[in-house]
Every structure is written in C-alpha cells, then in structure tokens.
Amino acid sequence: MGSEFPPSGAPVTAPKPRGARDKRRSGNNVIEFSLLIPWYVFLFVGVFDFGFFSYSLIAVQSAARVAAEYASYSTTTEADSITACTYAMGQLQDLPNLGSGAACTANSTTVTSSAPLAVQASALTSGPDTLPAASVTVTYLTPQLIPIPGLLPGQLTISRTVKMRIRT
C-alpha cells in the first residue's frame with residue numbers, strides 16, 4: 001500500500017503557489033532593465049560611430065593609394081592630377097555626404113562639392129631613396145555623428161598622404 005513518506009523518510013509537502021513570488025521578481029526585472037538600458041544604448045552608439053570612422057579611414061587610405069599609384073606610373077601621369085583625383089573620387093563614392101556633384105578642378109586639384117573633401121597631388125618630389133616620387137594627399141571631413149565625450153568626437157578630419165616612386 002502507499003505510504004505518505006518517500007523512501008528517504010522526508011514527509012511529502014505540497015508545492016507552494018508561485019503567483020506572489022513571480023510578481024515581485026518581474027518588478028525586479030523591470031528595474032534591472034531600466035538601469036542597464038542606458039549602457040546598452042551607449043555601447044551601440046559607440047560601436048556604430050567607431051565602425052563608421054573605421055570605414056572612412058579605410059576608404060580615404062584606399063583613395064590615396066589608388067591616386068598615387070596612377071600618378072606614379074610615369075612623369076606624364078604625375079602631372080595629370082585631374083585623373084588622379086577622379087580615381088580617388090571613385091574610391092570614395094560610397095562615403096556619406098560626398099554627393100554626386102563632386103568634381104575635380106583643373107587648377108587646384110581640389111574636389112569641389114557640398115561635402116568637405118580635398119585631393120591634392122603635389123609636384124614631383126623625392127622619395128626616401130632620393131628618386132623622383134609622386135605624392136597624393138586625400139582629406140575627408142566626416143559628417144556629424146553622435147559624439148561621445150572623451151572617446152569619439154562628433155566629426156573627424158581624416159587625412160592620408162601616400163608617396164610612391166615614379167616608375168621609369
């Protein structure tokens with residue numbers, strides 16, 4: 001026959017109702033969530049800003065490299081700053097606030113657009129090995145993002161200069 005006691009000898013007790021205890025716990029969850037949500041938002045904004053600045057830095061470096069590679073092909077291409085600027089613009093086309101109206105000018109080799117971007121191909125310079133080299137500088141001002149004081153500014157000016165020896 002059945003006994004009231006389990007084999008261990010402890011008496012069998014009925015489970016307690018969980019309703020009151022669960023209500024107190026759900027209140028704690030709301031408080032914990034409200035205390036942690038600002039940190040999650042801060043983390044998300046920081047990752048978003050850092051990712052955008054990193055992408056801009058890579059794009060500007062790539063643009064300077066491509067323009068310098070074209071300019072270093074020969075002494076005639078070194079003087080052709082318009083085409084070097086066009087190559088750089090091709091690399092920067094996916095950056096925000098650049099606009100489709102960006103164009104290279106013939107005399108100053110500065111890109112004119114609504115966005116602050118400058119591509120400068122300097123005159124014939126000498127490289128570290130004293131051989132003739134082409135130098136290209138690309139400067140880009142990022143759009144205003146969400147600033148994080150002390151960590152990430154709202155805007156960042158990214159400038160990269162690439163020097164390549166002219167092939168002869």
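Some points to look at:
- What the phi angles of segment 138-150 give under the Karplus curve with 6.51, -1.76 and 1.60, with θ = phi - 60°, is a coupling list of 10, 10, 9, 9, 5, x, 5, 10, 7, x, 10, x, x Hz, glycine and proline written as x.
- Cβ crowding within 10 Å averaged over residues, with 30-36, 88-94 ranked highest first: 88-94, 30-36
- Using the average count of surrounding beta-carbon atoms within 10 Å as a protection proxy, the listed peptides 49-60, 69-80, 129-140 rank, highest first, as 129-140, 69-80, 49-60.
Every number here is computed from the coordinates shown, using simple stated rules; none is lab data. Please read all numbers here as calculations on a predicted model, not as lab measurements. Virtual Cβ from ideal backbone geometry, glycine too; neighbours counted across all protein chains shown.
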